[in-house]
Each structure stands twice: as C-alpha cells, then as structure tokens.
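To start, the structure under review is shown below, and the notes come after it.
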Amino acid sequence: MVSTSITVPDYWQDACKHLGKKDRVMKRLIAQFPDVSLSSRGDAFTTLARSIVGQQISVKAAQTVWDRFALLPKKMVPAQVLKLKIDDMRAAGLSARKIEYLVDLAIHFDSGAISSENMKSMEDEDIIAELVAIRGIGRWTAEMFLMFYLLRPNVLPLDDIGLINGISKGYFSGEAVSRSDIREVAEPWAPYRSVATWYIWRSLDPMPVAY
C-alpha cells in the first residue's frame with residue numbers, strides 16, 4: 001500500500017463557524033463531533049480507486065473489499081495494479097465490472113492521460129467532466145475525488161445515499177426528499193457544502209470515511 005500523509009483542510013474552522021451560524025442542525029452536529037474532520041490521503045489514484053470499489057455498496061463492505069484488494073499489489077500504484085491477476089482481484093471481492101474500471105483507471109494514470117497536478121488549478125466542473133470520461137467514473141465518484149483528494153470546500157453530491165438519508169432524517173423527520181429539497185437545505189451551507197455533507201455523514205455513521 002502507498003504510505004501517504006493525512007492532510008486536513010485549512011478552511012475547516014472557518015467552515016464550522018459559518019455552518020454553526022447558518023444552520024441549527026449543523027451547529028448540533030459540529031458540537032457532537034469536535035475533534036475529527038474531512039482529510040486527504042494525498043494520492044489521486046488511490047482516492048479514485050477507493051471510490052470505484054465503494055460504488056453501490058455500504059461503507060463497511062467497501063472497506064472490507066478495499067482491505068483485501070490493497071494487499072494484492074506491492075504498492076498501490078497504477079503500474080502494480082496492472083500486473084495483478086484477474087482471479088486474485090475477484091477473490092478479493094471485486095466484481096468483473098469493477099475490475100475493468102480499476103484496470104482502465106490504472107491505464108489512464110500509467111499513460112499520463114490523467115494529471116492530478118494539472119487538476120489542482122482546474123474548476124470543479126471541469127475536473128468532473130474530465131473524470132467522467134473514464135469508464136466507471138460517474139459524477140458521484142468524481143465528487144468524492146474533489147472532496148477527498150483535492151479537499152474542495154463546496155461540493156454537494158446530490159446522488160449520495162448518505163447525504164439523502166441524512167437530510168431526510170435531520171430536516172424532514174424521515175420523509176423522502178427530492179433534489180430540490182436537498183438544494184434548498186444546502187443553500188445556506190455555501191461556500192462550505194463539502195463540510196456540511198461530511199457532518200451529515202457523521203450523523204449516520206460516527207466513524208469518518210476516507211477515500
């Protein structure tokens with residue numbers, strides 16, 4: 001596995017002050033989870049690979065599969081992933097489709113088609129457009145990349161099940177919510193919607209997830 005340092009956003013305290021003033025639910029959640037925050041492992045390939053592994057399965061299941069998968073290459077780098085045997089990847093719990101996606105992702109990184117350095121100066125929507133052109137990466141995966149690798153502060157992943165469920169429970173007494181409902185709740189969160197989303201996740205699962 002790649003050994004990476006954990007980076008915490010420098011805007012976190014400002015974001016918490018802003019959200020605490022604007023939203024009573026946020027004020028309660030921030031007080032409830034004072035010593036943890038969104039963090040980046042600092043490795044673009046690992047962040048995207050973890051996001052692919054986590055697609056359409058629970059956080060717990062995703063962690064289990066990732067832990068098995070991460071033992072296979074000598075290092076979690078594109079060139080090493082491309083050397084893995086399909087059968088070994090299947091045995092780790094990866095579906096055939098996710099294996100295809102991970103291999104394609106590794107090819108893009110190994111060939112230089114993706115430059116994480118260039119992305120640091122790009123706008124959020126431009127990064128999303130570049131990433132979704134890769135097989136297996138949809139908008140949600142690209143949004144996780146923005147949040148967990150680039151630590152962008154104002155991402156609102158409208159298709160995220162945790163965000164949908166958390167807003168339903170925290171703001172609508174468990175009733176079903178629409179995209180417009182989510183946008184309305186999230187409007188006061190700007191420009192720190194990533195931070196608010198992270199706290200909504202904590203309301204459902206106190207253990208922080210990291211990609």
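Residues in the range 32-86 average 52 Å² of solvent-accessible surface per residue, probe 1.4 Å, ligands and nucleic acids excluded.
The mean accessible area for residues of the range 92-184, using a 1.4 Å probe and ignoring ligands and nucleic acids, is 47 Å² per residue.
What part of the accessible area of the range 1-79, given as a whole %, is carbon or sulfur when the probe is 1.4 angstrom? Don't skip to the end; give the middle numbers.
Working: 2340 of 4540 Å².
So the carbon and sulfur contribution to the accessible surface is 52 percent.
Computed from Cα atoms, the angle from the helix 161-171 axis to the main principal axis of the chain rounds to 10 degrees.
Surface composition of the range 117-186: carbon and sulfur make up 48 percent of the accessible area, probe 1.4 Å.
Across the chain, the relative contact order, built from alpha-carbon pairs under 8 Å that are at least six residues apart, equals 28 percent. Mind telling me which of R152, R68, R50 comes out most flexible in a GNM of the chain, alpha-carbon contacts under 10 Å? Result for the chain, Cα springs under 10 Å: R68 fluctuates most. Give me the angle, in degrees from 0 to 90, between the Cα long axis of helix 12-22 and the longest principal axis of the Cα atoms of the chain, rounded to the nearest 10. Orientation of helix 12-22: about 40 degrees from the principal axis. Labels on offer are [x] 17.4, 52; [y] 23.4, 74; [z] 18.9, 65, and the one holding Rg and Dmax of the Cα atoms in Å computed from this structure is [x]. Each helix, a run of at least 4 DSSP H residues, gives -39500 (n - 2.57); summed and divided by the residues of the chain, these come to -16500 deg cm²/dmol at 222 nm. Once the Cα atoms are used to define both axes, helix 96-111 deviates from the longest principal axis of the chain by about 80 degrees.
The values are calculated or read from the model by the stated rules, or taken from the named source; none is laboratory data. Model, not experiment: these values are computed from the prediction. Note: areas computed on protein heavy atoms with side chains; ligands, DNA, RNA excluded. Shrake-Rupley method; radii C 1.70, N 1.55, O 1.52, S 1.80 Å.
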